[in-house]
Amino acid sequence: MDASTLSFRNASSPARSFPFLSMSAERQDLFFSLALTALPRPMITPLCRIIVARLEHRIPGLKERLRPLDGKTVFIQPKDLTVGFLLSISNGHPHLTAISPESLPKKTEMDARLEASLEVFFHLLHGESDGDALFFSRDLKVDGDMSVVVALRNAMDGLGEDLLKDVFTLPQPFRSLFNRAGGVANRCLDRIIDPFLKKTAKLENRLSKIQAEIDALRQKEEDSPLKSVHNSIEKDQENNADLRGTAKNAIELLAPAGTPAALRSAIDAGANAVYLGFRDETNARNYPGLNFTREDLKEGIAYAHQRGRRVHVAINTYAAAGHMDSWYKAIDTAAELGADALIMADMGLLSYASQHYPDLSRHLSVQAGASTPAAIQFYYEMFGINRMVLPRMFTLDEIAALKEKVPIEIETFIFGSLSPMSEGRCALSAYATGRSPNLCGVCSPAEHVRYKNEDGVLISQLGDFVINRFGKDEAAGYPTLCKGRYIPKGGEASYLFEKPECLNAAEYIASLRAAGVTSFKIEGRQRSRFYTTEVVSCFRALLDAEASGKSADSLPDVLNRLRDLAEGGEETRGAYRKGWR
């Protein structure tokens, strides 16, 4: 919490003349924390009910987004409080009851439990944090059925709202109570807490500067072998300044949009295009509460096109034999609503799209597994694909060599979760859960994932398999079998396939451009709109810096922001760095 934002009034104005609603959002959060701590427990539940009623009145779409959670119960425990909150959903209507953990009826069956500090919960409700990143860092503790947690997160985040905005426009007597208390609280904050927070902020600034200097030194010392492609771009930039002005204007920053809110956030943050999917098995991110309805897509395309941006629709799973209707309908709907491109892997769907909508761009998904010039040429000649989304196992030199041999655009991943398997064809997940990623559109489906916290150790389980145990101070990762720890016969637990870590190719922007890449793709449709905003804005800054001749090292704060969002708290350069497994 930034101390500078806590002051909202002029020095000449008495604190008592300003009501609670005049406080900054940070002060409201802090004051509300004090109120929850100090209020008698019988008063907290009525206050919660008023807040819920206020939310439902202000956000008409809340009920519809929560309806898939009907009958589910979540216990929310702020670490700062002795009281917790029991959230249950009935017919899309949330019920929030204040109750201490030890007072929970024994017969109460909770589907999930969340535990974090009040500040973490406030950030999530304001839309100022990414829930996955908080989970990775263990700042957000999760127990129970992950499908409930995912659905709740996607429902609330997908609203695209600051859920605490104007929530304190309360009826009497609470309004007068909070207004009176606001004056007292402000005097208390000014005299006691403000000075402390200002000193803390100064210390944090000093530590941040020291850390930035350390990171810069580490970056310079890193072993970063120069590839021929990287050398060629530097030479071209020195010899031909005009090359920078033409080629660099053509690069596309392609962002994930798991919800309509994320679509708007990505475009507002500077993405040239977004990619998304429908709410069914036709796309490879078929998670509860995620994706787009027909009306969502119509509004999203209008929002993008009004701002000169593009929308790519992912229909990148394989149609079930004898049940093609859903996939054909997805293609028809995307074309009818004015999508700019389709991302597909199934040859039957590619054929259908090329015959019925020949003018609609067709991009070959990584799920197709095409990784040679001959394979890509086949798809080009047979189905007229305009772009190839490359699997994440190519080196920079291999990308450059491939681009010389194929007559289409090349799209590569530049940030996000990695899969060491054959690009989505994860037989392990299908074996463990009975649901194929390529047919059902979901790897490690949330309804098969459970978390359990035992004495500080986080245990993740998929189906009947325990796939990881994270120590008390160890960053967590996604519950995917390909990133699990296993014990080989006679050995110790280790990551046999790949560690939970995040691809970040920021340092290779110039080299990838020189290799002929047309589009930089960010992974993460299952992440929050905060994640989308952060990553897009960071890469927009990095692309702008590279266009002016600067390297990624010149923006250490941007690189730190990206690192904070990494799965498992770790980054990798993937196949772009020589020596990757």
**Q.** Heavy-atom accessible area per residue - the stretch 510-573, 1.4 Å, Å²
**A.** 30 Å²
Q: Can you pull the one-decimal nm distance between simple spin-label points at Ser208 and Tyr486, each 7 Å off the Cα toward Cβ?
A: 4.3 nm
(Q) Give me the percent of accessible area attributable to carbon and sulfur for the stretch 427-495, probe 1.4 angstrom. (A) 53 percent
(Q) Run through the stretch 460-508 and list the GluC sites (Glu not before Pro) located in a DSSP loop whose Cβ has at most 10 other Cβ atoms within 10 Å. (A) Glu492
(Q) Once R0 is set to 25 Å, what does the formula 1/(1 + (r/R0)^6) return for the Cβ-Cβ distance between Asp325 and Arg294, expressed as a FRET efficiency to the nearest 0.05? (A) 0.95
Q.
What distance in nm separates the two pseudo spin-label positions at Asp464 and Leu439, each 7 Å out from Cα along the beta-carbon direction?
A. 2.0 nm
Q. Over the stretch 427-495, with a single point scatterer placed on each C-alpha, what log10 of the ratio I(q)/I(0) does the Debye formula yield at q = 0.21, 0.24 1/Å?
A. -0.89, -1.06
Q. If you roll a 1.4 Å probe over the heavy atoms of the protein chains, what accessible area per residue do you get for the stretch 427-495, in Å²?
A. 51 Å²
Q: Just name one of Ala475, Pro445, Leu458: the one whose Cα is farthest towards the positive end of the charge dipole of the stretch 427-495 (beta-carbon charges, Lys/Arg +1, Asp/Glu -1).
A: Pro445
Q) Got a number for the accessible area of Ile210? Probe 1.4 Å, square angstrom, nearest 10. A) 90 Å²
Q: Multiply the residue gap between Asp139 and Arg49 by 0.36 nm, knock off their C-alpha separation, and tell me the result in nm, one decimal place.
A: 29.7 nm
Q. For the stretch 528-581, what class follows from the C-alpha gyration tensor (a ≥ b ≥ c being the square roots of its eigenvalues): rounded when a/c is under 1.5, otherwise prolate if a/b is larger than b/c, else oblate?
A. oblate
Q) Could you give the nm distance between label points at Lys79 and Met393, where each point is 7 Å from its Cα heading toward the beta carbon? A) 4.1 nm
Q: Tally up the carbon and sulfur contribution to the accessible surface of the stretch 245-362 as a whole percent, 1.4 Å probe, everything protein left in place.
A: 46 percent
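The values are calculated or read from the model by the stated rules, or taken from the named source; none is laboratory data. Keep in mind the model is a prediction, meaning the values are calculated, not measured. Methodologically, a virtual Cβ is constructed for each residue, glycine included, from the backbone with ideal geometry; neighbour enumeration extends over all protein chains shown. We work out accessible area using only protein heavy atoms, side chains counted, and drop any ligands, DNA or RNA first. Shrake-Rupley method; radii C 1.70, N 1.55, O 1.52, S 1.80 Å.
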